[in-house]
1. Classify the range 1-124: rounded, prolate or oblate, from the alpha-carbon gyration tensor (a ≥ b ≥ c, eigenvalue square roots; a/c under 1.5 rounded; otherwise prolate if a/b is larger than b/c)?
2. Short version: what are the Cα gyration tensor semi-axes of the range 93-179, square root of 5 times each eigenvalue, largest first, in whole Å?
3. Under the definition of Cα pairs under 8 Å and six or more residues apart, what whole-number percent is the relative contact order of the chain?
4. Each label point is 7 Å from the Cα along the Cα-to-Cβ direction; what then is the distance between the points at Thr129 and Ser174, in nm?
5. With each run of n ≥ 4 DSSP H residues scored as -39500 (n - 2.57), what mean residue ellipticity at 222 nm is computed for the chain after dividing by its residue count and rounding to the nearest 500 deg cm²/dmol?
6. Can you give the relative contact order of the range 1-129 as a percent, counting alpha carbon pairs under 8 Å and 6+ residues apart?
7. Could you put Arg184, Arg55 in order of accessible surface area, largest first, with the 1.4 Å probe and the full protein assembly present?
8. Gln145 to Ala250: FRET efficiency via 1/(1 + (r/R0)^6), r the Cβ-Cβ distance, R0 30 Å, to the nearest 0.05?
Amino acid sequence: MGTVTTADGTEIFYKDWGTGQPIVFSHGWPLSADDWDTQMLFFLSHGYRVVAADRRGHGRSTQTSDGHDMDHYAADLRAVVEHLDLTDAIHVGHSTGGGEVAHYIATYGEDRVARAVLISSVPPIMVQTENNPGGLPKSVFDDLQAQLAHNRSEFYRALPSGPFYGFNRPGAESSEAIIENWWRQGMMGGAKAHYDGIVAFSQTDFTEDLKKISVPVLVMHGDDDQIVPYADSGALSVKLVQNGTLKTYAGFPHGMPTTQADTINADLLEWLQS
């Protein structure tokens, strides 16, 4: 574990375990690198070097008052990659992290990148626009910001207890430990970063970013994702990248890297070794 200081003075916390080909994990909103613990241990045991950073304003990184946008997220990721001199890297992003990965590759090129994986990811664009009629109305994201501003702790209990992991579905077996770990990670970060981050993940249009990506891309998405609906995200993203593979999971929720870790890890490993 260590830190790197970016050009604007932000301190980014990261984990760096093992040797071998690096897999770099970018986490979802409003979590931290800890959300990847299951994946990091799994791929470490299979001979990979695993790296994950806390996004600015999240986890153990600096709680900056600004810079909570995809340009800064991608620049911060680049700072970690260059600091650790990572080459031939596999970039894996979940949710907001998928947007970060797409924008990073499109902005900084593929010289250090071998492959990319977008899991339950926000690209191409979440919010409803004239060019994206299937997106979610802006009022949905305005409501998320209002709930965060009113009582962040309560909001951060409700989201994982319900739609994030699909625990609100009939017959679903809820896990208090998973819910508490989500809450713990969320409350570690800064309210300002998380408030601004809702705009970053919902309103950024990644269409042109995706078109620039030529390395192999695996898109993994559950068709019961209540946070980032499948039809307007994974199903569209795979058509925009130049060399994409779509893996659709029937009934899996947004947080499937946690609730269905065995399946996701095994499928990802198989793709990486193919």
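The values are calculated or read from the model by the stated rules, or taken from the named source; none is laboratory data. Computed from a predicted model, the values in this text were never measured in an experiment. When we count neighbours, we look across all protein chains shown, and the Cβ atoms used for this are built from the backbone with ideal geometry, even at glycine. For the accessible areas, the whole protein counts, side chains as well, though only heavy atoms, and no ligand, DNA or RNA atoms are used. Shrake-Rupley method; radii C 1.70, N 1.55, O 1.52, S 1.80 Å.
1. Rounded, since a/c falls under 1.5.
2. Equivalent-ellipsoid dimensions as semi-axes: 28, 19, 14 Å.
3. 20 percent
4. 3.7 nm
5. -13000 deg cm²/dmol
6. Once normalised by length, the contact order is 26 percent.
7. Order by accessible area, largest first: Arg184, Arg55.
8. That gives a FRET efficiency of 0.40.
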